[in-house]
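The values are calculated or read from the model by the stated rules, or taken from the named source; none is laboratory data. Because the structure is a prediction, the values reported are computed rather than measured. Cβ: placed from backbone, ideal geometry, glycine included. Neighbour counts: every protein chain shown.
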Ligand code: F6P
């Protein structure tokens, strides 16, 4: 049983931060801070494995950072982090350890879980290489949802420059049959490999899509299920009962949204190969080591998580925008939405006591420069301040002249405009400025740098969740809707409305054409 952690609002530093916000934070102007602090860029930026981060355009000064660090120490962030890395059952509502970091750690002699991880990894990567070498397989279809979809889908797109030629990758997640039907139209059974990805192997959407895909395969004359279906799951028995014998397991201590490093990463391994997949793991492992060992003052995930607490609980900001300036990162905002909002979208602490402070902000975003022509208007001139996260990549993987310079110029210009603003008092062209942003810079978008970036976000979410005292590793909030859908499905057929609220009953009748 995880020890009860101190609630952050009980810590002395919480009150000091409230005072700091009232006295300085509320009126803080980052433009003035750059004048007063000649080395602000140096102190508020840092190297971390595989990336550079500039935090200097944020609404934070030295005293605030010191108080946030004090808050982290009072609330036992380091002990909580160490408990995760020691394999303690910190997911206390499900009584599970949280060990996704073990999936990317080198083999630990004598550790049974590490041995199982590496045996499975070796088998999965050998299988990936076999599929890569099999020219007859032209289409790989991943059927999964949530963490069994978003990670692999995001990473296969992000690492497009490393993708094997001659194979197409499809991701089917929605129970909406339009999605599966649209993909099946393009396929032939003899050249398709279906990967059924589900931690539990019970999820309604995935099981429905998997059954329909299997029925389609058989109707089209496909015979060899062993060659054309594989399952990625903790529930190997259920996969076998479904008729799939090629299975790659993982374990209950891997949360769905933290699972792309496990067998769930098989589509990534097929796309970029065993060496590339190992580089992805190595990049994440390097960030794990940084999070474990760097002093909090220079610990990037910790600093970012603390900034998130400052913005959410003292400035009252309700959302954060993700702006990847690389089109291959187009699925990153959706991936991060699950990572952060499913982890930290809670209103009780780990002991089930109601919280009276804010937790997860809303995350949203689109790749730049597209977002600039959609919602950046609101970021620059709207009434809410929304911290923006720019993710830029120094080198491009294409040979088109000028594009990359212009892309990077736009990223820099947007961050600059948010900070500087432009005076036109009372006018439509007034930009208030002093709008916070963080700038991440990757040398190149590679398996290793992507791995490090994703692990950075995981540990940042850990940090804010830890300070808020919540269990960041359960997701009870998705259960109720699942149960109610099971109740409503037969009512759509039989028209029974007893026990439904009038709105739901009315909609149900309309859907039945009554
Ligand atoms: O949305 C709830 C959830 O449990 C996620 O946490 C998970 O990633 C997703 O459903 C899919 O679950 P499974 O991998 O078990 O099919």
- Can you tell which of 181, 213, 135, 157 is outside any strand (DSSP E or B) and in contact with a strand residue (DSSP E or B) (Cβ under 7 Å, 6 or more places away or on another chain)? 213
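Filter the stretch 274-297 for residues that are assigned to a helix (DSSP H, G or I), in contact with a helix residue (DSSP H, G or I) (Cβ under 9 Å, 6 or more places away or on another chain) and farther than 17 Å from residue 449 by Cβ and give the result. Working first, answer last.
If we filter the stretch 274-297 for residues that are assigned to a helix (DSSP H, G or I), which is where we start, we get 274-293, 296-297.
Among the residues that remain, those that are also in contact with a helix residue (DSSP H, G or I) (Cβ under 9 Å, 6 or more places away or on another chain) are: 274-288, 290-292, 296-297.
Selection gives 274, 292, 296, 297.
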- Query: Of the residues that make up the stretch 471-493, is at least one in contact (Cβ under 8 Å) with a residue 12 or more places away in the chain, on the phi > 0 side of the Ramachandran plot and not in a helix (DSSP H, G or I)?
  - Reply: no
- Considering the stretch 201-210, residues that are buried (at least 21 other Cβ atoms within 10 Å of the Cβ) and assigned to a helix (DSSP H, G or I), and then whichever is nearest to the ligand (Cβ to nearest atom), we arrive at 206
- Message: Can you confirm whether residue 78 is surrounded by fewer than 18 Cβ atoms within 10 Å (Cβ to Cβ) and farther than 29 Å from residue 339 by Cβ?
- Response: no
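So, in the stretch 417-447, exactly how many residues are farther than 30 Å from residue 279 by Cα and either within 28 Å of the chain's Cα centre (by Cα) or not in a helix (DSSP H, G or I) (or both)? Steps first, answer last, please.
Keep residues of the stretch 417-447 that are farther than 30 Å from residue 279 by Cα, which gives 417-436.
From what's left, either within 28 Å of the chain's Cα centre (by Cα) or not in a helix (DSSP H, G or I) (or both): 417-419, 421-436.
Residues in the stretch 417-447 being farther than 30 Å from residue 279 by Cα and either within 28 Å of the chain's Cα centre (by Cα) or not in a helix (DSSP H, G or I) (or both): 19 in total.
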- Query: Hey, does the stretch 112-119 have a residue that's in contact with a strand residue (DSSP E or B) (Cβ under 9 Å, 6 or more places away or on another chain), in contact (Cβ under 8 Å) with a residue 12 or more places away in the chain and farther than 30 Å from residue 333 by Cβ?
  - Reply: yes
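Of all residues in the stretch 142-154 being within 12 Å of the ligand (Cβ to nearest atom) and not in a loop (DSSP other than H, G, I, E, B), which is surrounded by the fewest Cβ atoms within 10 Å (Cβ to Cβ)?
Narrowing the stretch 142-154 to residues within 12 Å of the ligand (Cβ to nearest atom): 142-152.
Subsequent filtering for residues that are not in a loop (DSSP other than H, G, I, E, B) retains 142-143, 146-148, 150-152.
Working: 142: 25, 143: 29, 146: 21, 147: 25, 148: 30, 150: 25, 151: 28, 152: 29.
Here the residue is 146.
Going by the conditions given, is residue 360 within 16 Å of the ligand (Cβ to nearest atom) and in a helix (DSSP H, G or I)?
Numbers: within 16 Å of the ligand (Cβ to nearest atom): yes; in a helix (DSSP H, G or I): no.
No.
Looking at the structure I just gave you, is residue 126 buried (at least 17 other Cβ atoms within 10 Å of the Cβ) and either within 16 Å of the ligand (Cβ to nearest atom) or assigned to a helix (DSSP H, G or I) (or both)? Outline the logic, then answer.
Details: buried (at least 17 other Cβ atoms within 10 Å of the Cβ): no; either within 16 Å of the ligand (Cβ to nearest atom) or assigned to a helix (DSSP H, G or I) (or both): yes.
No; evaluated as a whole, the condition is false for this residue.
Would you confirm, using the coordinates I've provided, whether residue 413 is modelled with pLDDT of 95 or more, surrounded by fewer than 19 Cβ atoms within 10 Å (Cβ to Cβ), on the phi < 0 side of the Ramachandran plot and out of contact with any strand residue (DSSP E or B) (no Cβ under 9 Å at 6 or more places or on another chain)? Steps first, please.
Details: modelled with pLDDT of 95 or more: yes; surrounded by fewer than 19 Cβ atoms within 10 Å (Cβ to Cβ): yes; on the phi < 0 side of the Ramachandran plot: yes; out of contact with any strand residue (DSSP E or B) (no Cβ under 9 Å at 6 or more places or on another chain): yes.
For residue 413, the condition - modelled with pLDDT of 95 or more, surrounded by fewer than 19 Cβ atoms within 10 Å (Cβ to Cβ), on the phi < 0 side of the Ramachandran plot and out of contact with any strand residue (DSSP E or B) (no Cβ under 9 Å at 6 or more places or on another chain) - is met.
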- Apart from one, (1) at positive phi; (2) within 13 Å of the ligand (Cβ to nearest atom); (3) loosely packed, with under 14 Cβ neighbours inside 10 Å all hold for residue 166; the odd one out is (2)
- Quick one: which of 250, 229, 217, 277 is within 14 Å of the ligand (Cβ to nearest atom) and surrounded by 17 or more Cβ atoms within 10 Å (Cβ to Cβ)? 250
- All but one of (1) touching a residue at least 12 places away in the same chain (Cβ under 8 Å); (2) at negative phi hold for residue 86, so report the exception by its number. (1)
- Give the residue, chosen from 42, 76, 25, that is out of contact with any strand residue (DSSP E or B) (no Cβ under 9 Å at 6 or more places or on another chain) and on the phi > 0 side of the Ramachandran plot. 76
- Are any residues in the stretch 180-200 more than 21 Å from the chain's Cα centre (by Cα) and near the ligand (Cβ under 7 Å from one of its atoms), and if so, which ones? none
- Would you be able to tell me the number of residues in the stretch 89-121 that are out of contact with any helix residue (DSSP H, G or I) (no Cβ under 9 Å at 6 or more places or on another chain) and under 13 Å from residue 261 (Cα atoms)? 1
